[in-house]
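Let me begin by presenting the structure, written as structure tokens, before commenting on it.
The values are calculated or read from the model by the stated rules, or taken from the named source; none is laboratory data. This is a predicted model, so every value here is computed, not measured. Counting neighbours? That spans all protein chains shown, and the Cβs are built from the backbone with ideal geometry, glycine included.
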Amino acid sequence: MSINLLPWREMQHKNKQKKLGAIMGLVFLLFIGATVFYQYETYLTAIHQQSKIAQLENKLTLLAESYKEAVIKKKSRDQEMKNFGYFKEQEEINNRLLTLLKAVVSELPDEVYLTEIQRQDKRIEFLGRSPSYIQVVGFLQRIESRIKRQATVSQIMRPNQNDSEIEFNMGYDISDKTYG
């Protein structure tokens, strides 16, 4: 008498195939979930960067508008100042300021954010944030090589130990005539 073990083996093989199919399905679902999560994170990062760009553009627009208003108010006094050489000096300072701003805008890396720009007579200060010191130093070196003038860096620091970004404050004396 012989015993037929084939149906039992077939059932065992089908059960193994079902388990393998279930595992493959779970792995596929995990892969899809990870892909969707990555895409969502990328989307959020892009939105965050766009909002930062919009904030900087708004600040630059406000700065340009206030500059235009100041120019309009000073036009009535320009004739008097021409006699004393003041007008020419201010024009040179504004040209150096424009050169500096062009250098800053063109050399600003994606990871470095300017949070504030302040002009005080013949000095301009840039305050910002960056994920690393290396990016700030590289940014400064590129600007310095472009305008042939060193920045005065008053601080580069991490606000607190847990913060992943550093803050920096650099300034330029735009009355100095050594700009490139």
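Things to note:
- Contacts under 6 angstrom Cβ, first residue in region 146-159 being farther than 18 Å from S130 by Cα and without any contact (Cβ under 8 Å) to a residue 12 or more places away in the chain, partner of a type in the set (D, E) and assigned to a helix (DSSP H, G or I), 6 or more apart: Q150/E144
- Filter result for T99 (of a type in the set (V, I, T), assigned by TED's automatic domain parsing to the domain that holds Q161 and assigned to a helix (DSSP H, G or I)): yes
Okay, residues lined up against (1) at pLDDT 80 or above; (2) farther than 20 Å from K59 by Cβ; (3) not assigned by TED's automatic domain parsing to the domain that holds K52; (4) not aromatic (F, W, Y):
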| position | (1), (2), (3), (4) |
| --- | --- |
| Q118 | yes, no, yes, yes |
| I134 | yes, yes, yes, yes |
| L140 | yes, yes, yes, yes |
| Q150 | no, yes, yes, yes |
| S154 | no, yes, yes, yes |
| Q161 | no, yes, yes, yes |
| T178 | no, yes, yes, yes |
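- Output for region 106-131, where each listed residue is surrounded by fewer than 16 Cβ atoms within 10 Å (Cβ to Cβ), touching a strand residue (DSSP E or B) at 6+ places or on another chain (Cβ under 7 Å) and assigned to a loop (DSSP other than H, G, I, E, B): E111, K122
- Under the condition of being assigned to a helix (DSSP H, G or I) and modelled with pLDDT under 90, the residues counted in region 1-47 number 9.
- Scope region 114-129; condition of a type outside the set (A, V, I, L, M) and under 25 Å from D163 (Cα atoms); matching residues: T115, E116, Q118, E125, F126, G128, R129
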